[in-house]
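To start, the structure itself, in structure tokens.
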Amino acid sequence: MSLWDDRPLAARVVEALALGPASGQALASAFGVSRAAIWKAIEQLRAEGVELRAAAGVGYELVDPAGFGAGVLSWRCARPVHYFPETDSTSRRAFALAMDGAESGTLVVADSQTAGRGRLGRSWVSPPGTNLYLSLVLRPPLQPAQAPLLCLAAAVGVAEACGALIKWPNDVLAPDGRKVAGILAELQAEVDALRFVVLGIGVNVNHAPPDVPAASVSELRGAPQDRAALLGELVAAVERRCAQVGPDSPALLAAWRARSMTLGHRVRVGDVEGVAVDVRSDGALLLDGGRAIVAGDVEMVAQPSV
Ligand code: BTN
């Protein structure tokens, strides 16, 4: 904890309480503020949905010390979170909320899913207590043709938060190619306007499913990860990158290129094969010889040894 930490007091208080209970006096001394200021910060946290209790001889205590309940998640993501200890699919729930008019930024998070959906009709294994399963509703003022760029933007945000790389268009992978996170983008659109997009994101935070080549963020970073903290960073990064989608999206495309593990490699998509040379401003993957891939699953082809 730095003396010069300039985040709001409430943020520093909840971080301190995540380590264990503390009295108002102890918090006041640690942060060099009055007990009244601590009391105000506690009231602010409660108003934001963080569940705290005060007990004689113990002081203030987070009701959910593991930090994965509606209150702590809402605080971490700076919005009310629709949290479920278990649900079928956060994306199904988020899509239903969006159809009912839920605003941009609506976030559904589950500790576990019983019917997690993956791309191309696959399923997403979603055990409790270990990984992240979330779906974010966005209503960007874009054309349906720009939707592929939102997929790239989501991948950049997730890869930045997880310290991982991207395989075109939006697979988030470890440097050795094992999957760290998956993104399922589903949308509602009219001919000339996107009504909403639901970005469903699954991240292997502390556990990598054994049945697929998968890696976890904890493995990449060499230590168990705080899921709630990672969720807050990830949602902020995804929203920041999605806001960069526009006619040319230069900052977004530069960030995508910087994390790409596809560019410069020989790839196969269906029966098309070539070296990936760039990503176009509409999100398509450009191959040598001028061919462009707009959709599909990229397979990395081993380069022949010379
Ligand atoms: C992929 O196949 O790579 C995409 C997987 C996306 C899984 C996430 S988990 C949270 C959200 N809810 C779902 O049912 N699916 C997405």
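Residues considered: V137, V197. Of these, the only one that is more than 10 Å from the ligand (Cβ to nearest atom), surrounded by fewer than 24 Cβ atoms within 10 Å (Cβ to Cβ), under 17 Å from the mean Cα position of the chain (by Cα) and closer than 22 Å to R92 by Cβ is V137.
Every test in (1) in contact with a helix residue (DSSP H, G or I) (Cβ under 9 Å, 6 or more places away or on another chain); (2) at pLDDT 95 or above is passed by G246 save one, and that test is (2). The one condition from (1) at pLDDT 80 or above; (2) buried (at least 18 other Cβ atoms within 10 Å of the Cβ); (3) out of contact with any Phe, Trp or Tyr (no Cβ under 8 Å at 6 or more places or on another chain) that G71 does not meet is (1).
For the range 168-178, the candidate set comprises residues that are part of a strand (DSSP E or B) and modelled with pLDDT of 95 or more; within that set, the residue that is farthest from the chain's Cα centre (by Cα) is L173.
On the stretch given as the range 287-306, residues that are surrounded by 13 or more Cβ atoms within 10 Å (Cβ to Cβ) and in a strand (DSSP E or B) total 4. If you filter the range 118-134 down to residues that are closer than 12 Å to T87 by Cβ and near the ligand (Cβ under 7 Å from one of its atoms), you find that the one that is farthest from the chain's Cα centre (by Cα) is S126. Filtered by the rule that a residue be in a strand (DSSP E or B) and of a type in the set (S, T, Y), the range 246-286 gives a lone residue, S260. Here T130 meets each of (1) in a loop (DSSP other than H, G, I, E, B); (2) touching a helix residue (DSSP H, G or I) at 6+ places or on another chain (Cβ under 9 Å); (3) of a type outside the set (D, E, K, R); (4) modelled with pLDDT of 95 or more with one exception, condition (4). Please enumerate the residues belonging to the range 179-228 that are part of a loop (DSSP other than H, G, I, E, B) and more than 26 Å from V301 (Cα to Cα). Answer for the range 179-228, where residues must be part of a loop (DSSP other than H, G, I, E, B) and more than 26 Å from V301 (Cα to Cα): V191, D192, V205, N206, H207, G222, A223, P224, Q225, D226. Screening S104 on (1) within 16 Å of the ligand (Cβ to nearest atom); (2) farther than 22 Å from A10 by Cβ shows it passes everything except condition (1). If you go through the range 74-96 and pick out every residue that is within 13 Å of the ligand (Cβ to nearest atom), in contact (Cβ under 8 Å) with a residue 24 or more places away in the chain and of a type in the set (A, V, I, L, M, F, W, C), you end up with 3.
The values are calculated or read from the model by the stated rules, or taken from the named source; none is laboratory data. Nothing here was measured: the structure is a model prediction, and the numbers come from that model. Cβ coordinates were reconstructed from backbone atoms using ideal geometry, including for glycine residues, and neighbour counts include every protein chain displayed.
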